[in-house]
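What follows is a short report on a single structure.
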Amino acid sequence: MAVPEEGAGDSVDVGMRRLEGYLLWQSEVARARADAEETADRLGWLTGAQREAVVACFAERQLVLSRRHLERTARRARELREEYEDRYATLKARLLAWTLAGFAATVFVSRLLL
């Protein structure tokens, strides 16, 4: 039986996240195309070539907007993560300081009473 290499789980996690991202983006591509075709269907006077041009243009525009939205969301998620990590570190340091102060106070009082 082979022993998994250290960090092998990380590469699996990264691969799974990439696969999930790919699948989510492909569903966004399909949605943009479907929306574009629905819009083009309302323009019944378009020739076949014109319809395809409208569909391609509209779908491309939708994907640009979707990418911008995802990038903004990802950027904000990173900002929030950093902010929360900083707050957590501060709270952890405060808790440690209060715990040590309480322990020192307890030791000091117990020495006085003995």
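The values are calculated or read from the model by the stated rules, or taken from the named source; none is laboratory data. Owing to the predicted nature of the structure, the values given are computational and were not obtained by experimental measurement. Glycine gets a Cβ as well: all are built from the backbone with ideal geometry, and neighbour counts include every protein chain shown. In case anyone asks, the SASA skips ligands and DNA or RNA and just uses the protein heavy atoms, side chains included. Shrake-Rupley method; radii C 1.70, N 1.55, O 1.52, S 1.80 Å.
At 0.36 nm per residue, and after removing the present C-alpha to C-alpha distance, how many nm does the segment from residue 57 to residue 104 gain when stretched out fully? The residue 57-residue 104 span can extend by a further 9.9 nm.
Solvent exposure of the chain amounts to 87 Å² per residue of accessible area, where only protein heavy atoms count and the probe is 1.4 Å. Full extension of the segment from residue 70 to residue 10, taken as 0.36 nm per residue of separation minus the current Cα-Cα distance, would add 19.2 nm. With the highest mean first, a sort of the peptides 28-39, 66-77 on other beta-carbon atoms found within 10 angstrom per residue produces 28-39, 66-77. With mean projected area of the Cα convex hull in nm² in mind, check [x] 7.7; [y] 5.8; [z] 15.5 and report the label derived from this structure. Checking each listed value against the structure points to [z]. With the whole protein complex present, residue 88 retains an accessible surface near 140 Å², based on a 1.4 Å probe.
Between residue 79 and residue 91, the contour length at 0.36 nm per residue exceeds the alpha carbon distance by 2.5 nm.
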